[in-house]
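Chemist: Please see the structure below; I have some questions.
Each value in this text was obtained by applying a stated rule to the coordinates, not by laboratory testing. The model shown is predicted, which means the values in this text are computed figures rather than measured ones. With ideal geometry, Cβ positions are generated from the backbone for all residues, glycine too; neighbour counts draw on all protein chains shown.
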Ligand SMILES: [Zn+2]
């Protein structure tokens, strides 16, 4: 069941080690009404394809030797309402710094268009709850963004597939760092809606 997706989880999970402390991150990739997700309680390189849990959009585990991440409600909540093929969640340092300040990531660099025109910040709710999922999905819909900061928690990024979701997580983390470092030296100007629109058109035509 979902063999290619479970292999993708095994292949990409180790990338979380560079992005998030300990075992605080998770990721998933979807096919139709099911998704393969990282298991809970094991290192990112400590499981294989058969261990990878397969979960329905109702949150039922239907395959896999190991239990899924505690953030299943956030993954099901996002897949049920957004057009997403994969999800990456981290506590990456710079994005989380913005999140604990309760600040969104504004468009100070054109690469933000990899995920939208800004990265909003969702209010706090305990991890692993439907309340958190609702806050995140609502902010992503309102901002038309493929990424969202989670107040006092971290970052979630969606993509059409797992490689793009992982890459866009790295972009957001880097931009959060650039933004916070730039603010040590001045007040960075924001790109205009029109300027961002031009970049979005270029990405759609030629790629990044
Ligand atoms: Zn988390």
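Chemist: How about segment 6-34: which of its residues are over 15 Å from the mean Cα position of the chain (by Cα) and either more than 23 Å from residue 96 (Cα to Cα) or away from the ligand (no atom under 16 Å from the Cβ) (or both)?
Modeler: Hits for segment 6-34 are 6, 7, 8, 10, 11, 14, 31, 32, 33, 34.
Chemist: So, residue 157, is that one in contact (Cβ under 8 Å) with a residue 24 or more places away in the chain, closer than 25 Å to residue 59 by Cα, touching a helix residue (DSSP H, G or I) at 6+ places or on another chain (Cβ under 8 Å) and within 12 Å of the ligand (Cβ to nearest atom) or not?
Modeler: Taking the combined requirement at face value, the residue does not satisfy it.
Chemist: Out of the residues in segment 79-106 meeting the condition of being out of contact with any strand residue (DSSP E or B) (no Cβ under 9 Å at 6 or more places or on another chain) and more than 16 Å from the ligand (Cβ to nearest atom), tell me which one is farthest from residue 55 (Cα to Cα).
Modeler: Top of the filtered list is 81.
Chemist: Those residues that are assigned to a helix (DSSP H, G or I), over 16 Å from residue 102 (Cα atoms) and touching a strand residue (DSSP E or B) at 6+ places or on another chain (Cβ under 9 Å), I need them from segment 140-169; list them, please.
Modeler: Scanning segment 140-169 gives 162, 163, 164, 165, 166, 167, 168, 169.
Chemist: Just to verify a result, which residue in segment 48-63, among those that are part of a strand (DSSP E or B) and crowded, with 17+ Cβ neighbours inside 10 Å, is farthest from the ligand (Cβ to nearest atom)?
Modeler: So the first thing to find is which residues in segment 48-63 are part of a strand (DSSP E or B), and the list is 54-56, 61-63.
Filter once more, keeping what is crowded, with 17+ Cβ neighbours inside 10 Å: 54-55.
Working: 54: 21, 55: 17 Å.
Taking the candidates together, the pick is 54.
Chemist: Something else about it: Checking residue 66 against (1) surrounded by 15 or more Cβ atoms within 10 Å (Cβ to Cβ); (2) assigned to a helix (DSSP H, G or I); (3) away from the ligand (no atom under 15 Å from the Cβ), only one condition comes out false. Which one?
Modeler: The one condition residue 66 does not meet is (2).
Chemist: Right, next: If residue 117 satisfies every condition in (1) in a loop (DSSP other than H, G, I, E, B); (2) within 16 Å of the ligand (Cβ to nearest atom) but one, which is the exception?
Modeler: (2)
Chemist: State whether one or more residues within segment 121-130 are away from the ligand (no atom under 16 Å from the Cβ), surrounded by fewer than 22 Cβ atoms within 10 Å (Cβ to Cβ) and assigned to a loop (DSSP other than H, G, I, E, B). Quick ask: steps written out before the conclusion?
Modeler: Residues of segment 121-130 that are away from the ligand (no atom under 16 Å from the Cβ), as a first pass: none.
No, segment 121-130 has no match at all.
Chemist: Here is a follow-up. Mind listing just one residue for me: the one in segment 94-115 that is surrounded by fewer than 20 Cβ atoms within 10 Å (Cβ to Cβ) and without any contact (Cβ under 8 Å) to a residue 60 or more places away in the chain and, of those, farthest from residue 156 (Cα to Cα)? Before the answer, list the steps.
Modeler: So in segment 94-115, the residues surrounded by fewer than 20 Cβ atoms within 10 Å (Cβ to Cβ) come out as 94, 97, 100-104, 106, 108-111.
Add one more test, that the residue is without any contact (Cβ under 8 Å) to a residue 60 or more places away in the chain, and what stays is 100-104.
Numbers: 100: 14, 101: 16, 102: 15, 103: 15, 104: 13 Å.
Of everything passing the filter in segment 94-115, 101 is farthest from residue 156 (Cα to Cα).
Chemist: How many of the residues in segment 69-87 are in a loop (DSSP other than H, G, I, E, B) and either touching a helix residue (DSSP H, G or I) at 6+ places or on another chain (Cβ under 7 Å) or in contact (Cβ under 8 Å) with a residue 12 or more places away in the chain (or both)?
Modeler: Of the residues in segment 69-87, 6 are in a loop (DSSP other than H, G, I, E, B) and either touching a helix residue (DSSP H, G or I) at 6+ places or on another chain (Cβ under 7 Å) or in contact (Cβ under 8 Å) with a residue 12 or more places away in the chain (or both).
Chemist: Being more than 12 Å from the ligand (Cβ to nearest atom), over 25 Å from residue 200 (Cα atoms) and surrounded by 20 or more Cβ atoms within 10 Å (Cβ to Cβ) is the requirement here; does residue 135 meet it?
Modeler: yes
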